[in-house]
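Reading through the structure tokens given below for one structure.
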Amino acid sequence: MDRRLLVALALSVIVIVVIQTVFPSPPPVHGVGADSAVVANVTGPAAEHGGSAAGSASSASGGGALAHPVTQPPASGGVAGSVAGSPAAAPSPGASPAPVLAAPETLTVTTPRTVVSFASIGASPVAVTMRDYHSTVRKGEDTLARPSVRLGRVGESLLRYQVIMGRDTLALDRIAFRGRATQASDGAPVVTYDATVARTSGGSAPVTIQYDYGADGYLAKVSGVVSASGSAGTGAGNGAARTTAPVGGQPAPPAGYLLVELPSGFLSFEADTDDDQQQLAYVVKPIHEDATSVGFSRLDPGQAELRPGPADWAVAKDKYFLVGVLAPDSVRAHQIIEVDILGQPRTGKIATRGAATVVLPLVPTADGGATFAFQLYAGPQEYRRLRAIGHDFENLNPYGGFLHPVLQPFVTLVVQTVIWLRQTLQINYGWVLVIFGVVIRFLLWPVNQRAMRTSLKMQQLQPELAEVQTKYKNDRQRQQEEMVRVYREHGMSPWSPIAGCLPMLLPLPIFGALYFVFRNTIEFRGVPFLWLHDISVRDPYYIMPILMGATSFLVSWVGMRNVPPNPQTKMMGYLFPIMMTVFLAKVAAGLNLYYLVQNLATLPQQWILANERAKSAGAALARGAKVESRESKVVRGTVAPREGSKTESRK
């Protein structure tokens, strides 16, 4: 077999391996996680009888005490692990008996974009229903008839609170609170819960937790007061609880810790349930560092990981939605201390449950009590909304692994550009991708033109370079000098081949950025285009991948016109379209659309350069013919006199 053919096959294998490493395809999942029955019920028949979002939230928590999953605390050296394993956390003979849970009462508030349901047991939200987002499981043409997306599993709270103060461990998630809903001056809802909690060290402590919602209902400011034993509650939002002033310019040490357990996961309302559940993860953002993600599937059951602080925020997320705890401000003493993560048992090949505890400081008050505060976001991963919150909250999806520092700027640029085009032109995102693909190709046209013409010159130089290499194969220094001379005679340098290839690599970061953008950009979710029901999922008919592959082959065929025969080039011209078709067959249809537009926009440039290549080849043949005719004339002129002289001498 020809050596060049072997090299071409080896390069093809390397390309396939690199593509699968950088852009891994989700593994097929035949089994479904622990919530498969719940997912089927919520997105199917069970959601139909729920009626309104408030009704579904009430049914989720109205049937008795909330059932929380039994999870062991992480066996780490962190605050949550050490406190949970301390004597204070275990019941002692003199400790107060655990309160008997009464049937929880549900309090529901409605905002312009959400319906939030709270349970009196634990004083925490149990469900947040997205009024603007519906299930993408197609059961009819009417989108509004599909159930709304609901954050919260049936029978579980979104958050669970515990307070650690000295030897006291207050399990607030088992306390019956009294709740009330009021309105702020701007009309936004305010939810307040009060309770008196028995302390293991004796006496009781009034506890108040308050939720102040913003205008959209996604972001809430959560504040709480744990009063001194026996004192009257002062309320969380009226500022009556005065914090201890700093001593010597240094903040006072924390009076204890607030442990906030993040959701154990989410129900799936996506047509591709497997892809949605495979992206279940906890993400932590340390201050002055990039966010790090811990996928549910990455942890073995019982495996614990500690994310030390100080941190700006920690979230539980799936593909498009999240529930996150953010530090109330940028003050170092108010930052998240640590996040403890624990892997949970699996019932299938994919992990659908996790456990994470966020540790926040309790700020001491002058009367011996403590206060706490944080921000709670429960809603969609809308780029501009998350960016407005600050603290790099929009970068909660760390893309690309070790390529993250390279890809993240391109991801940000692509998302901002696409959203800007959509809002400026007021057209479908499908047409936005078409325009975006054409604009990118137009901007890169001069660079690609120069690169392709450099390639043409290199093809013309190959015979001369090969002659030099053969002539001076035993003298390396002379060979290099002669090759440099050949390059200079044609206005090029030895680095021209490399410089000519670099511009052709410029579209790759944009393509890679779009690959990751389609994984989590909720703006593309459920967007129809032409025959496609949703550009964020694969084409069910595989029309778009086939068109993309056909145009890739056409681009390769036009590009190989008038090229000197080369087995490697011919092999890659056939293999590359096949590779890209297989790779993109099961990814978002919008990415196939972008690549298809790129191919169509490349064809005119390839056609022009193919014609230039034909003209240059014809000119080269003409020059070669002239040289041959000149040499033949010289030969005939030198030979003829010799024959004549021989004749005269004979005479």
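The values are calculated or read from the model by the stated rules, or taken from the named source; none is laboratory data. Model, not experiment: these values are computed from the prediction. We place every Cβ from the backbone using ideal geometry, glycine too, and count neighbours over all the protein chains shown.
Quick notes
- Residue among Ala271, Ala311 that is hydrophobic (A, V, I, L, M, F, W, C) and within 23 Å of Phe516 (Cβ to Cβ): Ala271
- Counting only strands (runs of 3 or more DSSP E) that sit wholly inside the range 143-195, those with at least 2 residues that are β-branched (Val, Ile, Thr) are 160-165.
- Hits in the range 423-450 - residues which are part of a loop (DSSP other than H, G, I, E, B) and touching a residue at least 60 places away in the same chain (Cβ under 8 Å): Asn428
- Number of the exception - Thr200 against (1) in contact with a helix residue (DSSP H, G or I) (Cβ under 6 Å, 6 or more places away or on another chain); (2) in a loop (DSSP other than H, G, I, E, B); (3) among the β-branched types (Val, Ile, Thr); (4) within 30 Å of Gly369 (Cβ to Cβ): (1)
Every residue, every condition in (1) within 21 Å of Leu280 (Cβ to Cβ); (2) part of a helix (DSSP H, G or I); (3) not assigned by TED's automatic domain parsing to the domain that holds Arg525, yes or no:
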| site | (1), (2), (3) |
| --- | --- |
| Leu362 | no, no, yes |
| Asp367 | no, no, yes |
| Ala373 | no, no, yes |
| Ala378 | yes, no, yes |
| His391 | no, no, yes |
| Phe402 | no, yes, yes |
| Pro405 | no, yes, yes |
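- Failed condition for Met572, given (1) part of a helix (DSSP H, G or I); (2) at pLDDT 80 or above; (3) buried (at least 16 other Cβ atoms within 10 Å of the Cβ); (4) not small (Gly, Ala, Ser): (2)
- Just one of the listed residues (Leu144, Leu170) is modelled with pLDDT under 90, aliphatic (A, V, I, L, M) and over 27 Å from the mean Cα position of the chain (by Cα), namely Leu144.
- Selected residue (criterion: surrounded by the fewest Cβ atoms within 10 Å (Cβ to Cβ)) from residues of the range 343-402 that are among the acidic types (Asp, Glu) and closer than 18 Å to Ala291 by Cα: Asp392
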